[in-house]
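Worksheet for the structure shown next.
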Amino acid sequence: MEKSKSHKKLRLLPKLSPRATLMSFGNFRTFDNTSKTSLSSPIKMQTRTFQSTFPPISLRDELESGEVSRRLFLKSREKAESGSMQTYAGAIGPVARLEYFDSFKNLPKVSQRNKFEKLEDSPNVAYLQRLEQNQLQPKPFGMVRRSGPENNLDIHCYSMGDLYAEAFSEGLEHVKGLEKINLNGNRLTERGSFSILSKLPSHKIRAISLADNKIGQKSVAKIIDMLSGFNSTLRHLNLENTSISDAAVSELCQILADNKTLSRLNLARNNLTDNSAAALHDLLYHTQSLKRLDLHWNKIRGDGALLLFQGLAENDVLKVLDLSWNAMGRNNSLEVATTIGQALKNHKTLYHLDFSYNYFNSEECKVIGEFLNENHVILGIHMAGNECSLSAKGFIKPQMAGERLEQGHFFRRIIEPSRNYSYKESINCWVCEDWVEIDFYWKPKISGNADSEPIFLHLECDNYAADLMSENHDGTYKLTRAVPPGLVKFFFSHYGNPMKSLEHKIIQLETPIQRQIQFWPGFIETIKMHSINVLQPNGPVCCKNINFDVKPRIPGLVYIPPEQELERIPWSIPISLFRDYKFDDENLLNECFEFDWKHSRLMNFIKNQADQDRVKEILKANYKHIRETYKYLAAFSGSEIFSIGSNVLTDFLNQCQIIDSNYAVSDLGVNWNSCIVPKEKGQLYNPGSALVRYEFMEILVRIANDRYIRNKICTTVAESIQKLLDEHLLTVMRNNDTNKWRFDKYVCEEVDLVLKAHKPILDALYRKYSGKKTLPGMKAFMSLEEFRQLCSEAGLINDNFAAREIDLCFTQAMMTQVDELYKKRHIEMSFVEFLEALSRGCDMADLNPNAMLSEQEEIQQLFKTNNLNTSLRSKLESAFPNLVKICPQLVQDSFVFPTSETYKIMMYKAKSDNFPTSPRSYLD
């Protein structure tokens, strides 16, 4: 039986002689001793020939035939050593490639030999055999690799598919010592992923990555089985974008809660919802091994965040947490933000955190930031895509909604970054950007002449804000800071005077740096630098394994100047922000009147010269009220070229009770048509369909004429216009006096001080919302359209301040211009006019105060000592928190809101100054 079995394996017929067997396996050219015929034909032909030529074979011959066959196979094994685990040399390098090719070339022979000799197939042979069964092309798929460690199999993005995966798993079963496998992006489904997972050595495998494939319940069950064993060695598990369900995650987390080996888990991009939050809570609560958890781009909302961070609060092992691209923000209450902040406040191991694009609003960011200020362990925080920014010291600063969404185009992952972008934007993450710890020194007489407090350091990463240095026992000044890698730009200052250290390299700047810097409360300087110190950082790099002396979110030192005797600074318009405003006076009004009289048709309309002179005298005496009323009514035109429409005029006449039985609406139509056509051509800023200033004055005279002379109430035009003014117009016109508000509320010291204290905001707003309609080379101005946009985006429009009243504030703030027909200065708002227009808008809007009550009381008390009206001041201070939100990010980051001390310094000065207290400008 053994002999026949062996013959069957060798594909030999029992009738063959040893010589025939030899000839058949050798397949070489030989000759029979009897017939001398060539034997180069296939085995079957040889068999038929030998059966007809040789005598019957004895038992001895058959035994000799088996021995010869065994020797032949041993000989073939010596010639072709590949194909079995006894001779398998691994999957790396040129030798492995040759072995793979040889296994493919001799696959039938090697397969039969391994079965005959009971040898274990090599991974190549096992893989190729399954490919042959499935009729697939022999693609290596990691069975052969050019380089890399033998225990690390990385075949990501090969688009393998399930059929190849099944064959691959057959080869994988024979791989010894495999510890890491990366199968990302291989088009695997449940069938393929389970085939591979079932063949992995659960007692040796340390890292599995199945990202960007589709796995199902069977695969998850297999992973759970690998993790639940007492001899589990799995440390890293990547299931990103694998369509794993909430239920599967819950099962996985239940096992991981007691697992002692897994340190890194990636469940990102799986559309996980709050349904899996309870399981994640238990995982964070119980785990003693998990160091990194990636949950980015899921659907974890407010309720899920509550559970998640309640678990994190009890966790003491997690080091890296990525929750970016969820939607944990914009909740109806601050409960979620408070829970997050409380969990982070005292966490002792977490050092890297990503909250990017969770849509936290400014209030939520403020709450989280206040709790984080007490945590000095978290070195790297990502907050892009929320209503906040991150300072170089790690402080979270609330700002306006999603203003920096462009960061999303270059979003940086904190766990397993996918690629390196050439675009680099500072995100102020100490960990991702490899920030470096540096000691900065100022040595008197060596670095420079300054030898006393206060010495400030100004770093580019702080936008050159002042950072007070501390004095050492040897008289030098030191400040240790974490700075981003690359060239560090900085300078020093002493009492606001900029300085460059002689110990460091100095470079000239192509574009000078100009900043308004606050050195201590109430002391602000404008500094312009043409040259600056630079250095290449050389120090400890921020890393979880290195203890930084610099801790994040440590407030800088604050310089407190010595107390001095103060005296009051006298206030006057020439030293105020109102100094450039040209107020109306008699000469200006006379020029305007003569211009309007010249362009009107009244000289032709009134034939009697004496009557004409008397009318001119009456109009000139009342021109102030006529012009003020025109400005008020023209504001409701809705156009950027101010004029009075027919409906507005009709409403005004009704208000003055002019339209009655003596003067009908039809009469107004006749007068309207008489005035509306321009007297001269080329009046660019006369719309021709509405009344401009001189036409408004003219139509009042025509109305008086028709109302009184036509009805024989008066005999002269002068008498009729005087009667119209006295009985109907002046009572209403006097209410339109813009100067009353201007001098009663606006032009005073308290408003001037508020505007000065917030001038960085006002400057930024004027720059941002002006220039759209300015011609190249001309000085920028603000148009009505831009002012409307500012008020809308600042949130000033409310029940008290309607959109139509924006135009009214604009017109009433504009300085009087003589020529409003050929020139457009009356619709081009300058900065000083912008201050008044914005103040009028804030006065009407009457926003709720945002300052703390105690601070408001101190400011109120300060101004009360000078008998000043505080109404408009309070409204302006309430509006500036809204206004700063629409400023450029640079202003939002650097501006510090004034306090009572700020106003005190602006109102008083030292009798004998040891240092300056009023704002100054410095050039280096």
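No value in this document is a laboratory result; all are computed from the given coordinates. Since the structure is predicted, the reported quantities are computational estimates derived from the model, not experimental observations. As a convention, Cβ positions derive from the backbone with ideal geometry for all residues, glycine included, and neighbour counts pool all protein chains shown.
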*Applying 1/(1 + (r/R0)^6) with R0 = 45 Å to the Cβ-Cβ distance of Gln112 and Asn231, what FRET efficiency is obtained, to the nearest 0.05?*
0.75
_Can you give the log10 of the normalised intensity I(q)/I(0) at q = 0.18, 0.21 Å⁻¹, computed with Debye over equal Cα scatterers of segment 540-662?_
-1.22, -1.35
_17 Å Cα-Cα reach of Lys299 towards aspartates and glutamates, excluding residues that sit fewer than 8 places from it in its own chain_ = Glu240, Asp246, Asp274, Asp322, Asp354
_For segment 74-217, what does the relative contact order come out to in percent, with C-alpha contacts under 8 Å and a separation of six or more?_
21 percent
*Sum up the charges of everything whose Cβ sits under 13 Å from the Cβ of Asn275, counting Lys and Arg as +1 and Asp and Glu as -1, but leave Asn275 out.*
-2
*Starting from the Cα of Lys681, draw a straight line to each of the lysines and keep only those under 20 Å, dropping any in the same chain fewer than 8 residues away.*
Lys598, Lys823, Lys824
*List the relative contact order of segment 747-910 as a percent without decimals, with contacts defined as Cα pairs under 8 Å and 6+ residues apart.*
32 percent
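Mind checking the full-extension length gain between Asp611 and Glu591? Use 0.36 nm per residue of separation minus the Cα-Cα distance, one decimal, nm.
Values: separation 20, 0.36 × 20 = 7.20 nm, distance 2.18 nm.
Length gained, Asp611 through Glu591: 5.0 nm.
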*Ranking Arg146, Arg515 by Cβ neighbours within 10 Å, fewest first, what do you get?*
Arg146, Arg515
*Cα-based Rg (one decimal) and Dmax (whole number) for segment 276-403, in Å?*
13.2, 40
*Restrict the search to segment 507-566; then list the GluC sites (Glu not before Pro) that DSSP places in a loop and that have at most 10 other Cβ atoms within 10 Å of their Cβ.*
Glu563, Glu565
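Mind giving me the FRET efficiency for Phe831 and Lys681? R0 is 35 Å, r the Cβ-Cβ distance, nearest 0.05 is fine. If you can, show how the numbers build up before the last one.
Numbers: r = 35 Å, r/R0 = 0.99.
That pair, Phe831 with Lys681, gives E of 0.50.
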*On the first, second and third principal axes, largest extent first, how far apart are the outermost C-alpha atoms of segment 436-561 in Å?*
41, 35, 28
*Counting only residues 5 or more places away or on other chains, whose amide H sits under 5 Å from the amide H of Trp435 once H atoms are built in the peptide plane?*
Cys542
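Sort 555-561, 774-780 by the packing proxy (mean of other Cβ within 10 Å over each peptide's residues), most packed first. Kindly include the intermediate steps, with their values, before the conclusion.
On the way: 555-561: 12.9, 774-780: 9.1.
Put in order of decreasing packing, that is 555-561, 774-780.
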*For segment 339-399, calculate the relative contact order in percent as a whole number, restricting contacts to Cα pairs under 8 Å that are 6 or more residues apart.*
40 percent
*5 Å binning of all Cα-Cα separations within segment 586-739, expressed as whole percents from 0 upward*: 1, 9, 19, 24, 24, 15, 6, 1, 0
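How would you rank 249-256, 98-105, highest first, on the average number of other Cβ atoms within 10 Å across their residues? Before the final figure, lay out the partial values.
Values: 249-256: 20.4, 98-105: 18.1.
Going from most to least packed, we get 249-256, 98-105.
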*Hey, which lysines would be in cross-link range of Lys115, C-alpha to C-alpha under 19 Å, not counting anything within fewer than 8 residues on its own chain?*
Lys3, Lys5, Lys8, Lys9, Lys75, Lys79, Lys105
*Inter-centroid distance (Cα atoms) of segment 111-143 relative to segment 449-526, Å*: 70 Å
_Please give the Cα centre distance for segment 290-350 versus segment 595-636, rounded to the nearest Å._
72 Å
_Please rank Ile641, Ile527, fewest neighbouring Cβ atoms within 10 Å first, as an exposure proxy._
Ile641, Ile527
*Distance between Cα centroids, segment 237-287 to segment 570-585: provide it in whole Å.*
68 Å
